[in-house]
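Here the structure is laid out as structure tokens; the discussion comes afterwards.
The values are calculated or read from the model by the stated rules, or taken from the named source; none is laboratory data. In this text the structure is predicted, and so the values were computed from the model without any measurement. Counting neighbours? That spans all protein chains shown, and the Cβs are built from the backbone with ideal geometry, glycine included.
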Amino acid sequence: MIEAPGRSCPVPYRYGARALAGGAAFEVETLWVAGGLYGNRCALERLLELFDAEPGTKALVFNGDFHWFDCDAADFTAVDAAVGRHLATRGNVETELADPGVAAGCGCGYPDWVSDADVARSNRILERLRGAAGAPPRALGALPMYRIARVGGERVAIVHGDADSLSGWGFSQERLATPDGVAAAHEALRCARARVIACSHTCLPVLQSCGETGVIANNGAAGMPNFRGTRFGLATRISVRPRLDALYAARIGRTHVEAQAIAYEHARWLGRFLELWPPGSDAYASYHQRMVHGPAYDPPRALRAA
């Protein structure tokens, strides 16, 4: 059976966990990983403020889907320029923008618990975003699907989806709530020769401890609320120095893996979102309630013990 656009995982999206084992690593004292910025320029501003304040050697990686709501050409260009001053990997959004011929819709690879209506709206959002991008932005397609870092002596694999594919859902909070999902995470860490895998893609955060094997750090979304009743995004911070304001954290050796709030100007962002995606639009239908009220998810569910 041929999967519908938005649910499929094209072959070019796949790399496999063993590919992560061979990547060359850059080394820093502090690494910020921000997936799912979704074109939120207010969240981008706050993230850069937090990152710029860090001491020591550091790097910021935008691990995909930094575009989404930025369907205005000026917004798209501004996000692209800011991301280009740091490191990045491509997500399904950037991959689809760069190569419309893949015919995977939004490229999200949505699982069956996501409704057909949500999938259809995501496909249409992607099509509108193409208008802001103009000619296919080939530079986005040239971004790597993963990067490797070393922090505090620990090897960190940075992906968009999971250890096998940039649109994989193996590190979703839903999958990691199952014994099979946790077992697969252990195996992914071993195959990748990583103690930390930093990911995003699935829109809800989870910090899954795998004991001595390592940790899976999914930041959910940097550009949207991740918890009920909140109005901030999240990024993953990995460092030899802890921050006291982490929402929750795990430790691997001397390396701290933390969920950090990106407390952007909510009113300013919501105003811009409504200008671009007013009531009746696809993004309004899919995301407005989350922007205002947060998803039905709470921080205690995001921190998972081994």
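Miscellaneous remarks
- Considering each residue of segment 102-118 in turn, none proves to be part of a helix (DSSP H, G or I), over 20 Å from TRP169 (Cα atoms) and within 20 Å of the chain's Cα centre (by Cα).
- For segment 121-140, the condition of being outside any helix (DSSP H, G or I), surrounded by 20 or more Cβ atoms within 10 Å (Cβ to Cβ), charged (D, E, K, R) and touching a helix residue (DSSP H, G or I) at 6+ places or on another chain (Cβ under 9 Å) holds for none of the residues.
- Applying a threshold of 6 Å to beta carbon distances and a minimum spacing of six or more residues, or different chains, the list of pairs starting in segment 36-56 at a residue that is under 18 Å from PRO205 (Cβ atoms) and hydroxyl-bearing (Ser, Thr, Tyr) and ending at one that is at pLDDT 95 or above and buried (at least 19 other Cβ atoms within 10 Å of the Cβ) reads TYR38/TRP68; TYR38/PHE69; TYR38/GLY223.
- Yes/no for ARG251 being modelled with pLDDT of 95 or more and assigned to a strand (DSSP E or B): yes
- Scanning segment 202-219 for residues being touching a Ser or Thr at 6+ places or on another chain (Cβ under 6 Å) and either over 19 Å from LEU20 (Cα atoms) or surrounded by fewer than 22 Cβ atoms within 10 Å (Cβ to Cβ) (or both) gives a total of 2.
- Considering segment 149-201, and only residues there that are without any contact (Cβ under 8 Å) to a residue 40 or more places away in the chain and not in a helix (DSSP H, G or I), the residue that is surrounded by the fewest Cβ atoms within 10 Å (Cβ to Cβ) turns out to be THR178.
- Answer residue from segment 80-101, given it is outside any helix (DSSP H, G or I) and closer than 16 Å to PRO144 by Cβ and is modelled with the lowest pLDDT among those: ASP99
- Every condition in (1) in contact (Cβ under 8 Å) with a residue 40 or more places away in the chain; (2) assigned to a strand (DSSP E or B) is met by GLU258 except one, and the failing one is (1).
- Pairs, first more than 17 Å from ARG128 (Cβ to Cβ) in segment 58-86, second basic (Lys, Arg), C-beta under 7 Å, six or more apart: VAL61/ARG147; GLY64/ARG90; ALA78/ARG41
- Taken residue by residue, segment 261-282 has no member that is surrounded by fewer than 19 Cβ atoms within 10 Å (Cβ to Cβ), in contact (Cβ under 8 Å) with a residue 40 or more places away in the chain and in a strand (DSSP E or B).
- Scanning segment 283-295 for residues that are β-branched (Val, Ile, Thr) and either under 17 Å from the mean Cα position of the chain (by Cα) or surrounded by 15 or more Cβ atoms within 10 Å (Cβ to Cβ) (or both) yields a total of 0.
- When segment 22-68 is limited to residues that are at pLDDT below 95 and not aliphatic (A, V, I, L, M), the one that is surrounded by the most Cβ atoms within 10 Å (Cβ to Cβ) turns out to be GLY23.
- Residue match in segment 184-205 (condition: β-branched (Val, Ile, Thr) and over 30 Å from MET291 (Cα atoms)): no
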